[in-house]
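Here's the structure, in structure tokens; my notes come after.
Please treat every number below as a calculation from the coordinates, not as lab data. What you see is a predicted model; the values in this text were computed from it and never measured. Glycine also receives a Cβ, built like all others from the backbone with ideal geometry; neighbour counts cover every protein chain displayed.
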Amino acid sequence: MRLAMGPFLLVVLAATAGTAGAAPCFPGERSVRVDERLWSLSGWYDDDGRRAGPKAKWGTCTVDNGVVRERDGTKVASVFCGMVIYTRGISDDKGVTIGMKGEAVLERYGDGPSSTLVCRRYLNPDVRRTRCLIPASRADWDAYVWAYDVRGRMPAGVADEDGFARGEKALAFFRSRRVLQIFNRGACH
């Protein structure tokens, strides 16, 4: 079984500004965007339901069954049924990196998110973060390209009874929060 990816996932490797320190996997770069090569190293589930995937290098990092690690073993990303970016220095196709404020994320998307941004509290009350995403359509929570976990639990007064906030409430919450993790949804077959 292999990961199916739509054409929207192809991005170009490029240096970007705005992140302190060096990018993982690419010494000398401040930040790198996920690229076609990284997506090509995605893991998948084999016929027995076990994780599988290539063993390869992405810059100075190793990739094994879709897990990207620095030389010291630090996990920087997972490319498996989508992507999760765990550390600063790797950005999505909009140039969003860990630590960036929601306001800066919204600026990179232009006017689109003002009507479609959706934030959802985690169901576990001990989780001190909220997932915010920009759906591909207003009606479909599950159809999105990138999602961002941000610092802080969304207050009950902001979220509806199901834990969601949309529109102005979601925008107001998201703007001042810092990105903790970056996600991309893929499909496993």
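Residues with amide H under 5 Å of PHE26's amide H, sequence separation 5 or more or different chain, H placed in the peptide plane at 1.01 Å from N; which?
The list, which skips near neighbours in sequence, is THR60.
Provide the net charge surrounding SER91, with neighbours chosen by a C-beta distance below 12 Å and charges set as Lys +1, Arg +1, Asp -1, Glu -1.
Residues near SER91 contribute +1 overall.
Once you put a point 7 Å from the Cα of THR62 and another 7 Å from the Cα of ARG128, both along the Cβ direction, what distance in nm separates them?
Between THR62 and ARG128, the label points sit 3.3 nm apart.
Length gain on complete extension for the stretch ASP48 to TYR86, per 0.36 nm per residue less the alpha carbon to alpha carbon distance?
10.9 nm
Structure shown: which of LYS55/LYS101; LYS55/LYS75; LYS101/LYS169 lie over 25 Å apart, alpha-carbon to alpha-carbon?
LYS55/LYS101
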